[in-house]
Amino acid sequence: MPGALEGLTVLEFAGIGPGPFAAMMLADHGARVIRIERPGNTARVGDAGNRDILNRNRERLALDMKDPAAIGRIRELACEADVVIEGFRPGVMERLGLGPDVLLADNPRLVYGRMTGWGQDGPMAPLAGHDINYIAVSGALHTYGQAGGKPVFPVNAVGDFGGGGMLMAFGVMAAVHSAQRTGKGQVVDCAMVDGAAILSAMTWSFFGNGQWRDQRGVNLLDGGAHFYDTYETADGKWISIGAIEPQFYALLLERTGLKDDPEFARQMDPGAWAPLKERVAALFLTKTREEWCALLDGTDACFAPVLSLAEAPHHPHNAARGTFVEDGGMVMPAPAPRFSGTPAPAPRLGGK
């Protein structure tokens with residue numbers, strides 16, 4: 001059965017990180033994605049070629065963009081495409097003769113997605129950077145980490161993928177919807193600094209309403225609260241607790257033997273969080289992760305074990321839903337989200 005994006009044609013200029021992730025999401029759901037690569041497909045950091053999950057489900061075309069004939073071929077392909085995705089620094093595509101003015105003149109309905117860290121304009125637009133830099137300037141990185149400690153970056157999930165590739169996938173599909181209504185394509189300027197900022201919208205809401213202190217590790221959702229954090233267990237493994245709502249918190253106290261302790265009645269008193277966190281940490285060190293799972297799994301205590309990459313695919317819930325799939329011996333996340341009428345085809349590494 002074809003995916004939800006069957007009939008959509010995307011021209012992707014090979015890169016690393018957020019651009020390929022956006023193209024992967026579109027390809028996962030049935031779009032025809034033609035990935036234009038350099039001849040020889042010279043490997044770069046973060047690009048594992050045919051073993052790169054981000055490059056799955058593609059058609060691959062090697063073209064030397066220094067060759068005028070290749071530029072002509074790309075323009076021909078763009079005339080038949082719905083979407084172009086590129087991740088070069090501002091001005092590079094224009095110098096190649098493949099900028100949006102050229103390709104939109106050839107194909108007025110084209111959606112031209114531009115993926116950068118700093119955006120197409122602004123004083124930092126021409127500068128190099130990586131995920132860690134973009135989320136730093138957005139304010140997001142400042143909020144991640146323990147109280148009194150340094151900022152801790154969540155690998156490259158917030159800038160490259162959540163605030164980059166996923167935002168690009170949303171942006172180009174919004175622009176495709178507009179083009180289908182109006183007959184006019186447009187440029188989608190997707191900057192990771194913007195994306196990291198919008199991913200923090202709820203934090204900004206709390207901050208603007210006086211409900212968030214501008215410090216790490218002292219707030220409701222950043223590890224400041226004793227009922228919303230991770231804790232080590234007796235076997236050196238970890239569990240997560242997120243019992244915010246009163247009924248879930250009450251259940252957590254009941255299951256852990258703390259319900260009759262009056263100090264734990266001060267759930268929403270920030271002044272009580274630090275000493276209560278010490279007591280909760282000591283409690284969770286008394287049993288192994290497996291023992292806590294036996295006590296708290298299957299309840300509304302908002303509990304889950306912290307699983308490793310090797311463990312996650314084998315968790316009963318992930319196994320039941322097929323959250324992970326395998327191709328060629330490579331375990332990888334399955335396409336998401338899920339569609340009832342047009343489910344995504346099984347992903348394939350390399351190409352279709």
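Bear in mind that the values in this text are calculations on the coordinates, not laboratory data. Since this is a predicted model, take the numbers as computed values, not measurements. For neighbour counting, all protein chains shown are included, and Cβ atoms are generated from backbone atoms with ideal geometry for every residue, glycine included.
Projecting the Cα atoms of Ile244, Thr256, Gly341 onto the dipole axis of the stretch 213-352, where Lys and Arg carry +1 and Asp and Glu carry -1 at the beta carbon, places Gly341 farthest toward the positive end. Rounded to the nearest whole Hz, the Karplus-based 3J(HN,Hα) values (6.51 cos²θ - 1.76 cosθ + 1.60, θ = phi - 60°) of the stretch 171-181 follow the sequence x, 5, 6, 5, 5, 4, 4, 5, 5, 5, 7, with x at glycine and proline. Amide H to amide H, with H built 1.01 Å from N, Tyr112 comes under 5 Å of Val84, Gln186, Val187, Val188, counting only residues 5 or more places away or on other chains. Look at the alpha carbon pairs under 8 Å that are at least 6 residues apart: their mean separation over the length of the chain gives a relative contact order of 19 percent.
Students often forget the sequence filter, so: which lysines lie under 22 Å Cα-Cα from Lys237 once same-chain residues fewer than 8 apart are removed? Within the straight-line cut-off, Lys237 pairs with Lys277, Lys287. Taking the charge dipole of the chain about its Cα centre, with +1 at Lys and Arg Cβ atoms and -1 at Asp and Glu Cβ atoms, the residue from Gly7, Ala157, Thr203 reaching farthest to the positive side is Gly7.
Considering the chain as a Gaussian network with a 10 Å cut-off on Cα pairs, which listed residue, Ala105, Ala169, Ala179, attains the greatest mean-square fluctuation? The residue that fluctuates most here is Ala105.
Summing charges over neighbours of Asp229, with a neighbour being any other residue whose Cβ is under 12 Å away from its Cβ, gives -2 when K and R count +1 and D and E count -1.
Think of each Lys and Arg Cβ as +1 and each Asp and Glu Cβ as -1; about the Cα centre, that makes the dipole of the chain roughly 660 debye.
Pull up the cross-link candidates among the aspartates and glutamates for Lys259, meaning alpha carbon to alpha carbon under 16 Å and not fewer than 8 places away within one chain. Within reach: Glu245, Asp300.
Mean residue ellipticity, 222 nm, helices only, the chain: the sum of -39500 (n - 2.57) across DSSP H runs of n ≥ 4, divided by residue count and rounded to 500, is -9500 deg cm²/dmol.
Full extension of the segment from Ile53 to Val152, taken as 0.36 nm per residue of separation minus the current Cα-Cα distance, would add 33.1 nm. Seen against the Cα atoms of the chain and their longest principal axis, helix 18-28 is set at about 90 degrees. The GNM of the chain, with springs linking C-alpha atoms under 10 angstrom apart, assigns the highest mean-square fluctuation among Leu309, Leu258, Leu61 to Leu309. When the Gaussian network model of the chain links Cα atoms closer than 10 Å, the mean-square fluctuations of Leu220, Leu110, Leu285 top out at Leu285.
Arranged from highest to lowest average of other beta-carbon atoms within 10 Å per residue, in what order do the peptides 150-160, 132-142, 84-94 appear?
Those peptides, ordered most packed to least, come out 132-142, 84-94, 150-160.
Axis angle, to the nearest 10 degrees, between helix 270-284 and the longest C-alpha principal axis of the chain: 90 degrees. With Cα atoms defining each centre, the stretch 305-352 and the stretch 228-242 are spaced 25 Å apart in the structure. Taking every C-alpha pair closer than 8 Å and separated by at least 6 residues, the mean separation divided by the residue count of the stretch 228-305 gives a relative contact order of 47 percent.
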